[in-house]
Amino acid sequence: MIVTKRVFIKTWGCQMNEHDAERMAGLVAPMGYVPTATPDDADLILLNTCSIRDKAEQKVYSDLGRLNAIKAARPDVLIGVAGCVAQQEGRALLQRAPAVDLVFGSKGIERLPALLTEALTTGRRVVYTEDPIGIAPTLPADRRERVRAWVSIMEGCENACSFCVVPATRGRERSRLSREIYDEIAALCASGCREVTLLGQNVNSYGRTSFEGVDFAALLGGIHPIEGLARIRYTTSHPNAMTPRLMETLARWPKVCRHVHLPLQAGSDRTLERMRRGYTLLEYMALVDGLRQRMPDVALTTDVIVGFPGETEADFRDTLAALEAIEFDNIYAFKYSRRPNTAALAMEDHVPESEKDRRLQAALAAQRPITRRKNDALQNRVEEVLVEGPSKTDRTRLMGRTSSNRVVNFDGPPTLIGRLLRVRITQVKANSLDGRVDE
Ligand code: SAM
Ligand code: SF4
């Protein structure tokens, strides 16, 4: 008989990390662990960490400090650190955090049951930071949502952007087998899922390191006919893997959402080169044109880093000018953060923190009216919305998303959850839209 135990998982970082948490819960479920919402009654506590920027990493250390008290009161509780900080720090974490029993990086999730068993049976502290290669495994996942699901299609990254820890923390690129992805999505749809978000560090280079000969465009073609599936999202796309063939595919399949997240990072070619991004601003803008020509209604979002080492005022102005010229629907802007084991760390002329703050605010201020204009253009238009569940701000209402990934709140009965509806946009608010079901 399996004795029920409780697992508490706390996650920082990106959607891939959030999905990793679902997979960790799925992996320990057969060992008798059920999720709990608090560390106080947990038998197993897993911190699923992020190290993309220093701030995220520091949050983990302050949590670990608090967990010492739990371990002191209940020595039997097992504490594990997973994810990118675990991968980066490895054994050093054991010294820094005496309460920790288990350290396994983002590359080693599939080993969780074996590592946990080792820690439980030997009483020893266990560390796993190997770098697997080959095919990414299919893992169980304990998902919280029914209508939407994350599906990891590839892991790791073959690039070497000079600011980024991901190649070090998530390892070499590994794709999953296409058949296993189709089967997972078909099973999800059979139990009510309507929308999948395909996840990967560079989702559009899917298949590059696999023997299968199935690229991202072909994968989309295989996913599209799956019964019950209404929408396909994917993130993140890398500009260098956005081929004309892929653009044609994105435009051809109606279930593929009209939203592309395509990180630009900087508008200055000098900075792009030192970031080792592998494209110029003009090449990036040609991709934007290619996407908009094929999909006039496509929403484009991007990531921008300000204050990269050596970024001059003129370089930064190039970024502002690029934002004005491209007119993204929205942007995610970050201050450059020094990361261990990255080439940019050794570069000269690090930009002072106060200047990074100023540039961040200036980039956000430049984008704000553009985002507002794009949203205002939706006023009174009818959009196709997938109903996800109760509205976050008012549980008596419903919320869903447009194909372009904008949140819409509207009135309607819970029986509409999971349906694709035509919704007329009645009001544009700062972070969402209000609408009315269009008969
Ligand atoms: N693979 C995607 C690409 O290359 O387009 C990006 C994935 S990365 C996990 C997400 C975003 O974090 C990046 O697009 C970048 O803007 C930001 N980022 C990565 N390293 C950073 C750093 N050292 N400082 C600030 N932002 C960073
Ligand atoms: Fe990081 Fe660059 Fe890889 Fe993206 S492509 S994950 S930014 S190294």
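Before rounding to the nearest 500, sum -39500 (n - 2.57) across all DSSP H runs of length at least 4 in the chain and divide by the residue total; then give [θ] at 222 nm in deg cm²/dmol.
Details: 13 runs with 151 residues, N = 439.
For the chain, the value works out to -10500 deg cm²/dmol.
Ranking Gly435, Pro132, Val214 by how far each Cα lies toward the positive end of the dipole of the chain (charges on Cβ) leaves Gly435 at the top.
For segment 116-171, what class follows from the C-alpha gyration tensor (a ≥ b ≥ c being the square roots of its eigenvalues): rounded when a/c is under 1.5, otherwise prolate if a/b is larger than b/c, else oblate? It would help to have the intermediate numbers written out before the result.
On the way: a/c = 2.23, a/b = 1.11, b/c = 2.01.
The shape class here is oblate.
When you count, for each residue, the other Cβ atoms within 10 Å and take the mean per peptide, how do 328-336, 177-185 rank with the highest first? Please report the intermediate quantities before stating the final value.
Values: 328-336: 19.6, 177-185: 17.6.
Output ranking for 328-336, 177-185: 328-336, 177-185.
Taking all protein chains into account, the per residue accessible area for segment 269-357 stands at 47 Å² (1.4 Å probe). Antiparallel DSSP bridges in the chain: what percent, to the nearest 5? The antiparallel proportion sits near 30 percent. For the pair Asp76 and Val437, a Förster radius of 51 Å applied to the C-beta separation gives a FRET efficiency near 0.45, rounded to the nearest 0.05.
Pairs with C-alpha atoms separated by more than 27 Å, drawn from the list Lys10/Lys335; Lys10/Lys255; Lys10/Lys392; Lys59/Lys107, are Lys10/Lys255. With all protein chains in place and a 1.4 Å probe, the accessible surface of the chain carries 51 percent carbon and sulfur. Extending 7 Å from Cα along the Cβ direction at His350 and again at Ile133 yields two label points whose distance is 3.4 nm. Close amide-amide hydrogen proximity is noted between Tyr234 and Leu198, each under 5 Å apart and 5 or more residues distant or on a separate chain (H modeled in the peptide plane; Pro and chain starts excluded). Packing, as the average of other Cβ atoms within 10 Å across residues, places the peptides 351-362, 198-209 in the order 198-209, 351-362, highest first.
Please give the FRET efficiency for Arg381 paired with Glu158, using the beta carbon to beta carbon distance and R0 = 35 Å, rounded to the nearest 0.05. Mind showing how you got there, number by number?
On the way: r = 41 Å, r/R0 = 1.16.
Result of the calculation: an efficiency of 0.30.
With a Förster radius of 22 Å applied to the beta-carbon distance between Arg270 and Gln293, the computed FRET efficiency rounds to 0.15.
In this simple spin-label model, placing a label point 7 Å from the Cα along the Cα-to-Cβ direction at both Ala69 and Lys392 gives a separation of 2.9 nm.
The values are calculated or read from the model by the stated rules, or taken from the named source; none is laboratory data. Keep in mind that what you see is a predicted model, and the values were worked out from it rather than measured. Please note: Cβ atoms are built from the backbone with ideal geometry, for glycine as well, and neighbour counts cover all protein chains shown. Just so you know, the surface numbers come from the protein's heavy atoms only, side chains and all, with ligands and any DNA or RNA stripped out. Shrake-Rupley method; radii C 1.70, N 1.55, O 1.52, S 1.80 Å.
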